[in-house]
1. Can you tell me, using C-alpha contacts under 8 Å and at least 6 residues apart, the relative contact order of the range 1-64 as a whole percent?
2. Only helical DSSP H runs with n ≥ 4 go in: add -39500 (n - 2.57) per run for the chain, normalise by residue count and round the 222 nm mean residue ellipticity to 500 deg cm²/dmol.
3. What distance in nm lies between label points placed 7 Å from Cα along the C-beta direction at ILE116 and ASP236?
4. Kindly work out what percent of the DSSP beta bridges joining two residues of the chain are antiparallel, to the nearest 5.
5. List the relative contact order of the range 11-122 as a percent without decimals, with contacts defined as Cα pairs under 8 Å and 6+ residues apart.
6. Give me the three principal axis extents of the range 1-152 from the C-alpha atoms, as integers in angstrom, largest value leading.
7. In the chain, carbon and sulfur make up what percent of the accessible area (probe 1.4 Å)?
8. Take the eigenvalues of the Cα gyration tensor for the range 145-200, scale each by 5, and report the square roots as semi-axes in whole Å, largest first.
Amino acid sequence: MSGRLVILGSKGGPAIRPGGPSPTSSLIEIGGRRIVIDCGLGVARGLVEAGLALSELDLILITHLHSDHVLELGPLLHTAWTAGLKRPVRVFGPVGTKAVWDGFCASLSYDIALRIDDEGRPDIRALVTVAEFGEGVLLEEGGLTIEALRVEHPPVTECYALRLTQDGRVIVFSSDTAYFPPLAEFARDADILVHEAMHPDGVDRLVERTGNGARLKAHLLASHTMAADAGRIARDAGVAHLVLHHLVPADDPAIAEIHWTEQVRTSWDGALTIGRDGLDLPLPGSKHQRKTA
Ligand SMILES: [Zn+2]
Ligand SMILES: [Zn+2]
């Protein structure tokens, strides 16, 4: 059974720059499901560029409520609605996700009422359901299992890594986290681990560039993972493939793919891909298929 992982937006943090990458979002197509993971700015455009009809949206997972992961949740759903969405869409997110969605609908109430009356659309508020989750299994249906692990992303306490299993295939997303050894157990034997990463030289250059240098650096070090440590998690978990995601910095021309690779290779010698917007990776066949191939 085929499937793919598409990195729609590969950068960490909410800023966008000319010609640069977008904040965090991803798409997993597996077992006939279309699963969007995080909704940073640019997610709707990224999905369309990846060839997905927005009216086919199915499942949306939000790892935490930092804006670089949730800013475009409402606009994505609204754009899908105006593109002809008629099927129910489920959103899973941590506590507070429902308030984000309800607030968006309130802010767009004029347009929503207009389109229901004028264009005869179904009520978007009835099409979308939001379920708030904590640690553990958040969904189990049709052979798809999604589990959540609380990770270390201070000061955010509701921040979750996600493990998706379908047909024996496992894809794990770290979400935003400091180096967090329990993640290795959570990602045990995954086919793909999508892990956030910072580059040490890039972080120094980034804090020089921005106004609030010392505070920004303290925040980054306390709540995110250096690329070499992402490699340690991949190694300790025994994953088949590490994909770096949520890159900080993602838009510094002095920090190129080779510089990320150099960092990761200090700890990880397995399959490695450095994320970029539009990266489209086929998923491996199911475990059963691989054994018999
Ligand atoms: Zn982030
Ligand atoms: Zn975050």
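1. Working: 119 pairs, mean separation 19.1, N = 64.
That works out to 30 percent.
2. -9000 deg cm²/dmol
3. Those two pseudo-labels are separated by 5.0 nm.
4. Values: 34 of 61 bridges.
Percent antiparallel among DSSP bridges in the chain is about 55.
5. On the way: 166 pairs, mean separation 24.2, N = 112.
Here the relative contact order equals 22 percent.
6. That gives 44, 42, 32 Å along the principal axes, largest extent first.
7. Values: 6550 of 12070 Å².
Carbon-and-sulfur percentage of accessible area, whole number: 54.
8. Gyration-tensor ellipsoid for the range 145-200: 20, 13, 9 Å.
The values are calculated or read from the model by the stated rules, or taken from the named source; none is laboratory data. Fair warning: this is a prediction, and the values are worked out from it, not measured in the lab. When we count neighbours, we look across all protein chains shown, and the Cβ atoms used for this are built from the backbone with ideal geometry, even at glycine. Protein only, heavy atoms only, side chains kept; ligands, DNA and RNA dropped before computing areas. Shrake-Rupley method; radii C 1.70, N 1.55, O 1.52, S 1.80 Å.
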